[in-house]
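Have a look at the structure below before the remarks.
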Amino acid sequence: MFGRKLMSLRFFRHAAVLIVLLLLCLIPASADEAAVRAALSKLSADAGYPAIEAMIGELALSGEPKAALSLNALSDGKLVVRKDDGAVFILDVSGAKLLDPVTGDEAGDASGAALEKVKIKNSIRRKIAAAMSGLTLMAKDKAVRLRAAETIFTTADVSQMEGLDAALAAEADPQVKRRMEQARAMLTVASSTDEAARIAAIGVIAARGDRAALSALMNFRSKLEGGAASSLESAISVAEQNLRFWNIGQNVWYGISLGSVLLLAAIGLAITFGVMGVINMAHGEMVMLGAYTTFVTQDLIRQSAPGLVEWSLLIALPLAFLFTALVGIVIERGIIKHLYGRPLETLLATWGVSLILQQAVRTIFGPTNQEVSNPSWMSGAIEIGQLAITWNRLWIIVFSLTVFAVLLFAFNRTPMGLQMRAVTQNRRMASAMGIRTPFVDSMTFGLGSGIAGIAGVALSQIDNVSPNLGQSYIIDSFMVVVFGGVGNLWGTFVGAMSLGIVNKLLEPFAGAVLGKILVLVLIILFIQKRPRGLFALKGRSVEA
Amino acid sequence: MILTRFFMGGFDRRISVMIGLILAAAVLVPVLHLLVPAGNPLHVPTYIVALTGKYLTYALLALSLDLVWGYCGILSLGHGAFFALGGYAMGMYLMRQIGARGSYGNAELPDFMVFLNWKELPWFWHGFDHFAFAMLMVMLVPGLLAFIFGWFAFRSRVSGVYLSIITQALTYALLLAFFRNNFGFGGNNGLTDFKDILGFNVQAGGTRAALFSASAIALALGILVTSALVNSKYGKLMIGVRDAESRLRFLGYRPENIKLVAFTVSAVMAGIAGALYVPQVGIINPGEFDPGNSIEVVIWTAVGGRGTIIGPVIGALLVNAGKSWFTGVLPEFWLFALGGLFVFVTLFMPKGVVGLWEKYLPRRAKRAGKKKSPEPAPDLAQTAGAAE
């Protein structure tokens, strides 16, 4: 039973110190320091136990978290009084320096003065323990109290019961009061022998309704018997049902996020395939090159202009686009142009290029993952109800939608886009109308590779940057292109989003791997009905 | 009589020479390995027997791909799946042969099942303790999968690049499935630690030599069957499908059925190749399903010369010998070489080694060829097709 472990004073003390020290970082220095100092000054060189207890009581009542430092030192036997002037210090770990009891700053040398250690006994230790809990539970700052109650809830630290009761009695704020009641309920379930009290406590916890409550209830599963156990089970099933709705929402969110990633990765491939009829097996490697460009850019910025690190992603975007577009155009001019009219050979040649690119990156950068850090505006998450929405995924969704919108505009409203669409629909006719199809080919390949590059920039934020990055996205990109068809950019959009959502919705039932297999099988079956994908090219052209 | 005529149709000079060479090797190598003492320069060491035996199975695999790609126009990027399925069938037989000699000493269950706390043999493992059944499965499972897949795919006229991608998806899905530890096929460790085949120790010199001969004979048979198929009337239909499918359809034939037969026969051949591969290598694991492996098979065929029959055999032997050499001497550069090979062969050697040979030795070819094997795919047909 972990309660027994927590009851050991040392563990409790260290946990409490951690909480308090954390809070100490957040609370700025204030004039209430004075109250602490006033209490400490009452300690004279030969203070007796009652005086020490009184001091502890005062410190506790002050509600000043700074007192924790000195209380802790007292418990450790490190609080000392200088004999000549009665000033109180903390002896630091090495025993050579004196530290200020309130701030912990260095305050002098220990060797010269005559110091008297403030002695304590076990009952005083207990009082210190209670005082420590009281300091956080009865702190002036609401957030501190909230956090203290939450910690007691999650750790189910039974030794905090007294402090919790005292704080509950004094609490006025309804939100904090509710948290404290839930924490108290946890402690009741963990320690009480009265079954009715336990059942009532389980009810309080279950009413909380979120994941923390569910995991707390599940912790007790094997530890209860009789009426309490059955009420526990019913509480757990009710909580699980409530969470189910949120879980589906969470999976849809993950599906949209995966769909946006697939969209970014696959749209370049769809454009290339639509215009030229070739599957570029090196497409994954373009994504990988984009990710590595981000890594190199970030590295360079870190070394030469560290202030710009936050902007490194935005700087990497055009760089990655240009670099991968250039590589794409080189591949097109060098290899693919000569294989015009032979799509299967082109597929093989681009596979060869992908092997070469992978090995080149492996030779230059090494086969291990490279670190690309998230800028601060992409870190963290927000919570809507029970949904955890991480910033990086949100930004990637926004980014891919933006890229898609820009591409839609480019395809439908620019002359180059018009030419690309014409060549997609009927290459020979477009050529007869005066469109330079070789030039359109090169530009398309460059555009497709460039988009893959900026997809790589985005992917570097959520995935490992390694030479194998491309391989993990290439099969999925193929599936999106095959499923969505190449007649229309919307085909890729619908294909990517639906594949992402279906994949993530299947996951809880079938597991990640089986879900993926099911999606693949579904696509194979779907192809039977629509061999050219969802948004196929309309027209009367016949394949040989 | 029909059968004899069918097979006789397959013999032309090149094929005969190739089959002769292979059968000679089938006899010579075991003799040089077993009967010639170790110190003698003519002695063939064990590792060479195993290595070249493996190459022969790869050659059979490449040949099977050539049947569908070179003669029927179906670029299957998932033929490794059929190879691996045949391999797994053989592997299951070998696992059952281990009996009580495994690490856990369980006569009924293979080690990995004991490790997973399974209590009894799953239904699909029953029967694999009989060699005949296992051999049937070696041919049936890949064949059945190819049949079902092909029936669906060819009927809906999925072709060209789409079909290639779908075959890749198929082998990828199988990769994911076989990697799962509770799928019942050994999970990510695969099946290994084989002891006996047909009562003989798998690692003994005699068994290895016998497996080598078996691979060589299988390859020879494969060449014979393929050549016969290709030179028969059915072969003409296959070439029609490759070069002008719509035209053939309008003439009243059913291209989907033609493709289906070729695909199934090819899958069975690949399965047999896999079954011969596994005892020589000693392990079968899900990595064989990797799409990359299947694409490598394509390059063997392309290097040798697709649409010829001896081409893929030569290509497989050459490329794999090169791979063994490269990965021993300059491992970092093997992938560069392989990638470069892909690019080089597609750009400059579209007809492969055999094509080069034919181009630069025209006198030889003219003298040899009253009966020539059907031509490899002309570029024209594909230009017309892709110009839409």
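Coordinate-derived values only; no laboratory data. Since the model is a prediction, treat every value here as computed from it, not as a measurement. FYI the Cβ positions are ideal-geometry reconstructions off the backbone, even for glycines, and counts take in every protein chain you see.
Does the stretch B:241-267 hold any residues that are in contact (Cβ under 8 Å) with a residue 24 or more places away in the chain and out of contact with any Phe, Trp or Tyr (no Cβ under 9 Å at 6 or more places or on another chain), and which are they? If the condition is that a residue be in contact (Cβ under 8 Å) with a residue 24 or more places away in the chain and out of contact with any Phe, Trp or Tyr (no Cβ under 9 Å at 6 or more places or on another chain), then B:D243, B:A244, B:E245, B:V265 are the ones that fit.
For A:F509, indicate whether it is over 30 Å from A:W311 (Cβ atoms), of a type outside the set (V, I, T) and away from chain B (no Cβ under 14 Å). Break it down stepwise before answering.
Values: over 30 Å from A:W311 (Cβ atoms): yes; of a type outside the set (V, I, T): yes; away from chain B (no Cβ under 14 Å): yes.
Yes: the conditions hold for A:F509.
Restricting attention to the stretch B:192-221, which residues are part of a helix (DSSP H, G or I) and under 14 Å from B:P279 (Cα atoms)? Break it down into steps so the answer makes sense when it comes.
From the stretch B:192-221, those part of a helix (DSSP H, G or I) are B:205-221; that's our starting set.
Those that are part of a helix (DSSP H, G or I) and under 14 Å from B:P279 (Cα atoms): B:G205, B:G206, B:T207, B:R208, B:A209, B:A210, B:L211, B:F212, B:S213, B:A214, B:S215.
Condition first: touching a Pro at 6+ places or on another chain (Cβ under 8 Å) and surrounded by fewer than 22 Cβ atoms within 10 Å (Cβ to Cβ). Can you find one or more residues in the stretch A:363-380 that meet it? Yes, the conditions are met somewhere in the stretch A:363-380. Looking only at the stretch B:50-59, residues that are hydrophobic (A, V, I, L, M, F, W, C) and under 15 Å from B:I217 (Cβ atoms) come to 2 in all.
With the structure loaded, tell me whether B:G143 is touching an Asp or Glu at 6+ places or on another chain (Cβ under 9 Å) and either within 30 Å of B:I258 (Cα to Cα) or surrounded by 15 or more Cβ atoms within 10 Å (Cβ to Cβ) (or both) or whether it fails that test. Let's see the steps before the verdict.
Numbers: touching an Asp or Glu at 6+ places or on another chain (Cβ under 9 Å): no; either within 30 Å of B:I258 (Cα to Cα) or surrounded by 15 or more Cβ atoms within 10 Å (Cβ to Cβ) (or both): yes.
Spelling it out, it is not the case that B:G143 is touching an Asp or Glu at 6+ places or on another chain (Cβ under 9 Å) and either within 30 Å of B:I258 (Cα to Cα) or surrounded by 15 or more Cβ atoms within 10 Å (Cβ to Cβ) (or both).
Within the stretch B:304-320, is even one residue under 18 Å from B:S64 (Cβ atoms), within 14 Å of another protein chain (Cβ to nearest Cβ) and out of contact with any helix residue (DSSP H, G or I) (no Cβ under 6 Å at 6 or more places or on another chain)? Yes, the stretch B:304-320 contains at least one residue that is under 18 Å from B:S64 (Cβ atoms), within 14 Å of another protein chain (Cβ to nearest Cβ) and out of contact with any helix residue (DSSP H, G or I) (no Cβ under 6 Å at 6 or more places or on another chain).
Tally up the residues in the stretch A:438-460 that are surrounded by fewer than 18 Cβ atoms within 10 Å (Cβ to Cβ) and within 14 Å of chain B (Cβ to nearest Cβ), please. Residues that pass the stated criteria total 1. How about the stretch A:292-317: which of its residues are touching an Asp or Glu at 6+ places or on another chain (Cβ under 8 Å) and small (G, A, S)? Hits for the stretch A:292-317: nothing passes.
Output the helices (runs of 4 or more DSSP H) that fall wholly within the stretch B:52-162 and possess 3 or more residues being under 14 Å from the mean Cα position of the chain (by Cα) and farther than 29 Å from A:R532 by Cα, or say none.
On the way: elements: B:79-98, B:111-115, B:131-155.
Because the criterion is at least 3 residues that are under 14 Å from the mean Cα position of the chain (by Cα) and farther than 29 Å from A:R532 by Cα, the helices (runs of 4 or more DSSP H) in the stretch B:52-162 that meet it are B:79-98.
Being facing another protein chain (nearest Cβ under 7 Å) and either crowded, with 19+ Cβ neighbours inside 10 Å or among the small types (G, A, S) (or both) is the filter; apply it to the stretch A:512-530 and report the residue that is farthest from B:F179 (Cα to Cα). Please lay out each step first, then the result.
If we filter the stretch A:512-530 for residues that are facing another protein chain (nearest Cβ under 7 Å), which is where we start, we get A:513, A:516-517, A:520-521, A:523-524, A:527-528.
With the extra rule that they be either crowded, with 19+ Cβ neighbours inside 10 Å or among the small types (G, A, S) (or both), the set shrinks to A:516-517, A:520, A:523-524, A:527.
Details: A:K516: 13, A:I517: 12, A:L520: 16, A:I523: 21, A:I524: 20, A:I527: 26 Å.
Among those residues, the one meeting the criterion is A:I527.
Scanning the stretch A:465-475 for residues that are within 23 Å of A:I517 (Cβ to Cβ) and surrounded by fewer than 23 Cβ atoms within 10 Å (Cβ to Cβ) yields a total of 4.
Cβ-Cβ contacts under 6 Å between residues 6 or more apart (or on different chains), taken from a first residue in the stretch B:119-136 that is within 14 Å of B:G86 (Cβ to Cβ) to a second residue that is assigned to a helix (DSSP H, G or I), are listed as B:F128/B:M92; B:F128/B:Y93; B:F128/B:R96; B:F128/B:A134; B:A134/B:A89; B:A134/B:Y93. The residue pairs whose first member lies in the stretch B:268-286 and is buried (at least 23 other Cβ atoms within 10 Å of the Cβ), whose second member is in a strand (DSSP E or B), and whose beta carbons are closer than 9 Å, counting only pairs six or more residues apart or on different chains, are B:G274/B:I284; B:Y277/B:I284; B:V278/B:L191; B:V278/B:I284; B:P279/B:I197; B:I284/B:L191; B:I284/B:T192.
Number of residues in the stretch B:324-340 that are more than 7 Å from chain A (Cβ to nearest Cβ) and of a type outside the set (F, W, Y) equals 7.
Under the condition of being within 27 Å of A:E383 (Cα to Cα) and not in a helix (DSSP H, G or I), the residues counted in the stretch A:186-223 number 3. How about the stretch B:12-57: which of its residues are surrounded by 14 or more Cβ atoms within 10 Å (Cβ to Cβ), in contact with a Leu (Cβ under 8 Å, 6 or more places away or on another chain) and not polar (S, T, N, Q)? Those that are surrounded by 14 or more Cβ atoms within 10 Å (Cβ to Cβ), in contact with a Leu (Cβ under 8 Å, 6 or more places away or on another chain) and not polar (S, T, N, Q): B:I15, B:I19, B:I22, B:L32, B:H43, B:V44, B:G53, B:Y55, B:L56.
When the residues of the stretch A:398-435 are narrowed to those that are touching a Ser or Thr at 6+ places or on another chain (Cβ under 7 Å) and crowded, with 18+ Cβ neighbours inside 10 Å, which ends up nearest to A:A455 (Cα to Cα)? The qualifying residue nearest to A:A455 (Cα to Cα) is A:S400.
Within the stretch B:342-356, can you find the residues that are more than 11 Å from B:T301 (Cα to Cα), assigned to a helix (DSSP H, G or I) and more than 7 Å from every other protein chain (Cβ to nearest Cβ)? Correct list: B:F344, B:F348, B:G355, B:L356.
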